[in-house]
Amino acid sequence: MEKAEFEARWNRFEDNCRQCHACGLRDGATNVVIYRGSKNAPLMIIGEAPGGDEDVKGLPFVGKSGMLLQNLLDLYDIDESLYHICNIVKCRPPENRRPEREEIAACKRHLAEQFRLVRPQVILLCGSTAYEAFYGQKPTMRDVRGRWDSRNGYQIMTSYHPAYALRNEEMKIPFYEDIGKVRNKLEELGLAAPLAPLSN
């Protein structure tokens, strides 16, 4: 796809997201939260829904949990050109509640178009809601976390949501390890240069 065509499609995609009233979430949201990072990226990181900070700023993962995620991306030298961060739904649910099944279904067409445009090869699902929306079934996180699944040309891994890791100190290390696995997968597929060795 030529750059001009891509930008036109991307602009239509964003317009469709912002004009969408397929569910009731838009009426209570300040902003439609679409993405941050690169429009074309080998890695797509998918969370649950915008929270209060995200709703105000119009960007995903910019609150405390986003800071944890960003710190780990920086630690593993996964720079902005490599990732595209978004959520299953693009508008904040009231009181930061979990999005309902009908709300997830209403937003699915936007996420599908996002996939077609970004064309990631590696996907990190953050939390059980993202997993359930993607696979159509509720997970037992200890059974699915940190494992790779090859499906439809994608390499998919599920980890804890960073907000859950913040609330549960013992989950920070597994989340840290999973971002390392993502970095290794990007290298393995030739999508990112190897990390420079640590200097003495």
Return the label of the correct value of Kirkwood radius over Cα pairs in Å, as calculated from the structure shown, out of (i) 17.2; (ii) 17.7; (iii) 16.7. (i)
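Taking R0 as 22 Å, what FRET efficiency do you get between ARG116 and GLU80 from their Cβ-Cβ distance, rounded to the nearest 0.05?
On the way: r = 21 Å, r/R0 = 0.95.
FRET efficiency, ARG116 to GLU80: 0.55.
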Between the stretch 6-36 and the stretch 74-93, the Cα center-to-center distance that results, in Å: 17
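Estimate the FRET efficiency between GLU5 and ASN71 by the formula 1/(1 + (r/R0)^6), using the beta-carbon distance for r and 35 Å for R0, to the nearest 0.05.
Computed FRET efficiency for GLU5 and ASN71 comes out at 0.45.
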Please list, in order, the residues from the stretch 101-129 whose amide nitrogen is less than 16 Å from a point placed 7 Å along the Cα→Cβ vector of LYS39. 113-120
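Find, among the GluC sites (Glu not before Pro) in the stretch 1-59, those assigned to loop by DSSP (not H, G, I, E, B) with at most 15 other beta-carbon atoms within 10 angstrom. Walk me through the numbers before you get to the answer.
Values: sites: GLU2, GLU5, GLU7, GLU14, GLU48, GLU54; in loops: GLU2, GLU48.
Qualifying residues, ordered by number: GLU2.
Determine, from the Cβ-Cβ distance of VAL56 and LEU195 and an R0 of 30 Å, the FRET efficiency 1/(1 + (r/R0)^6), rounded to the nearest 0.05.
On the way: r = 34 Å, r/R0 = 1.14.
For R0 = 30 Å, the calculated efficiency reads 0.30.
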Residue farthest toward the positive end of the dipole of the chain, with Cβ of Lys/Arg at +1 and Asp/Glu at -1: which of CYS17, PRO42, PRO60? CYS17
Say we join alpha carbon atoms closer than 10 Å with springs in a Gaussian network model of the chain; which of LEU75, LEU59, LEU124 then has the biggest fluctuation? LEU75
Contour minus end-to-end for ILE173 and ALA22, with contour as 0.36 nm per residue of separation and end-to-end as the Cα-Cα distance? 50.5 nm
Of all trypsin sites (Lys or Arg not before Pro) in the stretch 59-153, the ones in DSSP coil with at most 15 other Cβ atoms within 10 Å are ARG97, ARG147
With a point put 7 Å past each Cα toward its Cβ, work out how far TYR154 is from ARG12 in nm, to one decimal. 2.2
Relative contact order for the chain, counting Cα pairs under 8 Å that sit 6 or more residues apart, in percent: 23
Let me know the charge dipole size of the chain about its Cα centre in debye, to the nearest 20, where only the beta-carbon of Lys, Arg (+1) and Asp, Glu (-1) is charged. 380
Residue by residue through the stretch 107-123, what is 3J(HN,Hα) from phi via Karplus (6.51 cos²θ - 1.76 cosθ + 1.60, θ = phi - 60°)? Round to whole Hz and write x for glycine and proline. 8, 5, 5, 5, 5, 4, 5, 4, 4, 4, 7, 6, 6, x, 10, 10, 10
Find how many whole Å separate the alpha carbon centroid of the stretch 143-200 from the alpha carbon centroid of the stretch 44-66. 19
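Bear in mind that the values in this text are calculations on the coordinates, not laboratory data. All values derive from a computational prediction rather than experimental measurement. Reconstructed Cβ throughout: ideal geometry from the backbone, glycine too, with neighbour counts over all protein chains shown.
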